[in-house]
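Read-outs: derived from the displayed coordinates by stated rules, not from any lab. Since we're looking at a predicted model, the values are computed, not measured. A quick note on method: Cβ atoms are made from the backbone with ideal geometry, for glycine too, and the neighbour counts reach across all protein chains shown.
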Amino acid sequence: MQLQGMDRVGLRDYVTRQLEHFFPDGQAPGPSVDIALDKALQRLQHCIAHVKAWHPDRFDYLHSSQYATFLYFLANSLWQVDPDARACTKLFLLNKALNGIDLFYEIELPPVFFIGHSVGIVLSKARYGNFLVLYQNTTVGRNHGIYPELGEGVVLYPNSAVIGRCNVGPRSYIGQGVSVINRDLPGHSCVFQAEAGDLLCREPKHDILDDFFRF
């Protein structure tokens, strides 16, 4: 994968300087970043290669959605090898500060996902299927300790939410402003909010997921 504007060492030092700037506690984060960097870049390359909106083999640290994805992979990869590393928390908080996304490093996102706009996204420790799409101000959260389960190819459009005991079927396209709370969705449908507050599920006119990903 081609790194735009810098090489691997430059990227490591760039992230390290950001962490030192935001968290000036005198604890050098460089070694922790270096431990997980190669794994994070491998995961990022696989993800980028499947997203149609992005060049299949190019990462630009100044592309905010790509960088938000990278910081998640970096924090999660580090947590897998060193779960006590305070650097995991710093990377999570850095992503939150820079990109406005609340994506904790212990959350297991799928290998391929696409962040349209990161601002206001809040994700809980739900179960996420592959080829996930997230837009701004989307929420996946628990209710009374119960987390949702999202199937493969779920798209969350702006301001939508999936909360609580939900089993969201594959290729569920949850429309703007729609809240799915403690209920199941059959999948392979566009989900809208009816005037009475109920949900309407309609068959999509084309394969919406094909708009986002290379399969």
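Separation of the stretch 175-190 and the stretch 12-69 by C-alpha centroid, Å?
With the stretch 175-190 and the stretch 12-69 each reduced to a Cα centre, they are spaced 32 Å.
Calculated FRET efficiency, GLN27 and ALA49, Cβ-Cβ r, R0 30 Å, to nearest 0.05?
0.30
Grab the Cα-Cα distance for TYR14 and THR89, subtract it from 0.36 nm times how many residues apart they are, and report the gain in nm with one decimal.
Result: 25.3 nm gained on full extension.
Under a straight-distance cross-link criterion of Cα-Cα below 26 Å, which lysines are reachable from LYS52, leaving out those fewer than 8 residues away in the same chain?
Within the straight-line cut-off, LYS52 pairs with LYS39, LYS96, LYS205.
Using a Förster distance of 41 angstrom, determine the FRET efficiency expected from the C-beta separation of HIS206 and ARG58, and round it to 0.05.
Once the sixth-power term is evaluated, E becomes 0.90.
Could you work out [θ]222 nm for the chain from helices alone, using -39500 (n - 2.57) per DSSP H run of at least four and dividing by all its residues? Round to the nearest 500 deg cm²/dmol.
-10500 deg cm²/dmol
Could I have the simple spin-label model distance between GLN80 and PHE215, label points 7 Å from Cα toward Cβ, reported in nm to one decimal?
2.5 nm
Would you mind computing, in nm to one decimal, how far apart the modelled labels at ASP7 and ASN167 are, each placed 7 Å from Cα along Cα→Cβ?
5.2 nm
Can you work out the FRET efficiency for the pair ASN130 and ALA97, with r the C-beta to C-beta distance and R0 = 35 Å, to the nearest 0.05?
After rounding, the FRET efficiency stands at 0.80.
Taking the chain as a Gaussian network, where each spring joins two C-alpha atoms under 10 Å apart, which residue of PHE92, PHE22, PHE59 fluctuates the most?
With Cα springs under 10 Å in the chain, the top fluctuation among PHE92, PHE22, PHE59 is at PHE22.
Give me the mean projected area, in nm² to one decimal, of the convex hull enclosing the Cα positions of the chain.
One quarter of the hull surface, i.e. the mean projection, equals 11.9 nm².
What Rg and what Dmax come out for the stretch 113-211 when only alpha-carbon atoms are used, in angstroms?
Rg and Dmax of the stretch 113-211, Cα atoms, are 12.1, 37 Å.
About its Cα centre, what dipole magnitude does the chain give when the only charges are +1 on Lys and Arg Cβ and -1 on Asp and Glu Cβ, stated in debye to the nearest 20?
The calculated dipole for the chain is roughly 100 debye.
Got a sec? Charge dipole of the chain, +1 on Cβ for Lys and Arg, -1 for Asp and Glu; which of HIS188, TYR173, LEU199 is way out at the positive end?
LEU199
Given C-alpha coordinates of the stretch 53-123, what is the ratio Rg to Rh with the Kirkwood estimate of Rh?
0.95
Which angle between 0 and 90 degrees, to the nearest 10, do you get for helix 8-22 versus the longest principal axis of the chain when only C-alpha atoms count?
Approximately 80 degrees, to the nearest 10.
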